[in-house]
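Below is one structure; the comments refer to it alone.
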Amino acid sequence: MIEKIYYSENRLLRSPNFFSDENWIKARFHDKNTRIVPIWRNCSLIRNTDSPCAVTLSGNHARGLLEISGEIALLGVDESGQDNAYIAVDVSEHELPTLTPMMGSAEFVDLRQVGVLMDGHDGSLLAHARGLMYWHRHNHFCSECGNPTLSAEAGRLRRCTNPECGRDHFPRTDPAVIMLVTRPGPEGGACLLGRHANFTQGMYSTLAGFVDQGETLEQAVIREVFEEAGIHVEDVDYRASQPWPFPASLMLGYRARATSVGIEIGDDELEDARWFTKKQVANIGDLGLRLPRKDSISYWLIAEWLAED
Ligand SMILES: [Zn+2]
């Protein structure tokens, strides 16, 4: 069975109508059904047990956070009714003791530490909030004229405050390709995995890289594999995608077929790359090695390949 793709089960509705209706938005700030999703210095509010879950706030605690928050952004409304809004608030400016009275038994935790243990919807909601707040925090100035920007349309965009410019800036996501390179052979063939020096000890993962200007996704796959491992590939085949707000990527997952075998570590990115047979990947612990974290699309791409006959 193919494992789920983490952070990809966001079920909030995001109709532009919600964001542009100021009266509706104002009403949400005072609505007891509104859920507040706090972000503090890239960390999310989580009840950190064996089964961690997202903690959202409503009522007095929600109003308390809204009053002291920095950026605020509407994430969307849930499926149960269009008035059940989810709003992300950034409280990074405050020290923890200020926030503690509103946190109950929850704590601010880096989603990357616990996302793999969370329910799909919870993890996706927190990933959405974290990514959007990150974008707001890093776009306080207009890239066109350098003047300050302000959040507009309930956080759907930022608008330049210079009246002669007034440019609207929309949240950006950086596309990155991530690919499992395979080659045919006995017992299901082999795949190419590599490791960066900063990986957890013994971890081998699929290759990946950002998409350059003027480049298609398929060209990016071909270029990255050759740059990193000296392997030529073809039959570049899209498999799946994953929001990866650590800090601002959209991972586009591919499978590619190698047309060469000899590995040559090209640039300074990888410290090693190897071919692994299916059997070796399935029992990678026997080699003293490990696969990437389970909440990554890298793991999903490997698991999908392993599950094939
Ligand atoms: Zn401007």
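The values are calculated or read from the model by the stated rules, or taken from the named source; none is laboratory data. The structure displayed is predicted, hence computed values, not measured ones. As a convention, Cβ positions derive from the backbone with ideal geometry for all residues, glycine included, and neighbour counts pool all protein chains shown. All accessible areas refer to the heavy atoms of the entire protein, side chains included, with ligands and DNA or RNA removed. Shrake-Rupley method; radii C 1.70, N 1.55, O 1.52, S 1.80 Å.
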- Item | Where residue 149 falls short, out of the listed (1) of a type outside the set (Lys, Arg); (2) at pLDDT 95 or above; (3) more than 18 Å from residue 18 (Cα to Cα); (4) in contact with a Gly (Cβ under 9 Å, 6 or more places away or on another chain) | (4)
- Note on the structure: The condition of being in the same structural domain as residue 48 (by TED's automatic domain parsing) and not acidic (Asp, Glu) holds, among 188, 123, 166, only for 123
- Residue hits (the range 190-235; on the phi > 0 side of the Ramachandran plot and either of a type in the set (Asp, Glu) or at pLDDT below 95 (or both)) are 235
- Is it fair to say residue 213 is assigned to a loop (DSSP other than H, G, I, E, B), free of Cβ contacts under 8 Å to residues at least 60 places away in the same chain and closer than 18 Å to residue 283 by Cα? no
- Query: Mind checking which residues of the range 143-156 are within 13 Å of the ligand (Cβ to nearest atom) and buried (at least 18 other Cβ atoms within 10 Å of the Cβ)?
  - Reply: 149
- Task: Might you check whether a residue that is part of a helix (DSSP H, G or I), more than 19 Å from residue 234 (Cα to Cα) and open to solvent by less than 70 Å² (accessible area, probe 1.4 Å) occurs anywhere in the range 265-279?
- Result: yes
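For every residue, the table says whether it meets (1) open to solvent by less than 30 Å² (accessible area, probe 1.4 Å); (2) polar (S, T, N, Q); (3) touching a residue at least 12 places away in the same chain (Cβ under 8 Å).
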residue	(1), (2), (3)
4	no, no, yes
7	yes, no, yes
12	yes, no, yes
18	yes, no, yes
22	no, no, no
28	yes, no, yes
34	yes, yes, yes
39	yes, no, yes
43	yes, no, yes
- State whether the residues of the range 219-231 include one that is within 27 Å of residue 133 (Cβ to Cβ) and either among the hydroxyl-bearing types (Ser, Thr, Tyr) or open to solvent by 20 Å² or more (accessible area, probe 1.4 Å) (or both). no
- Can you name the condition, by its number, that residue 216 falls short on among (1) touching a strand residue (DSSP E or B) at 6+ places or on another chain (Cβ under 6 Å); (2) open to solvent by less than 70 Å² (accessible area, probe 1.4 Å)? (1)
- Query: Residues of the range 133-142 being buried (at least 16 other Cβ atoms within 10 Å of the Cβ) and more than 9 Å from the ligand (Cβ to nearest atom), which ones?
  - Reply: 133, 134, 135, 136, 137, 139
- Message: Just checking: which of the helices (runs of 4 or more DSSP H) contained wholly in the range 79-138 hold 1 or more residues that are farther than 17 Å from residue 47 by Cα?
- Response: 96-103, 120-137
- Among residues belonging to the range 158-190 that are over 30 Å from residue 278 (Cβ atoms) and away from the ligand (no atom under 13 Å from the Cβ), point out the one that is most open to solvent (accessible area, probe 1.4 Å). 172
- Query: Within the range 249-259, how many residues are assigned to a loop (DSSP other than H, G, I, E, B) and open to solvent by less than 30 Å² (accessible area, probe 1.4 Å)?
  - Reply: 0
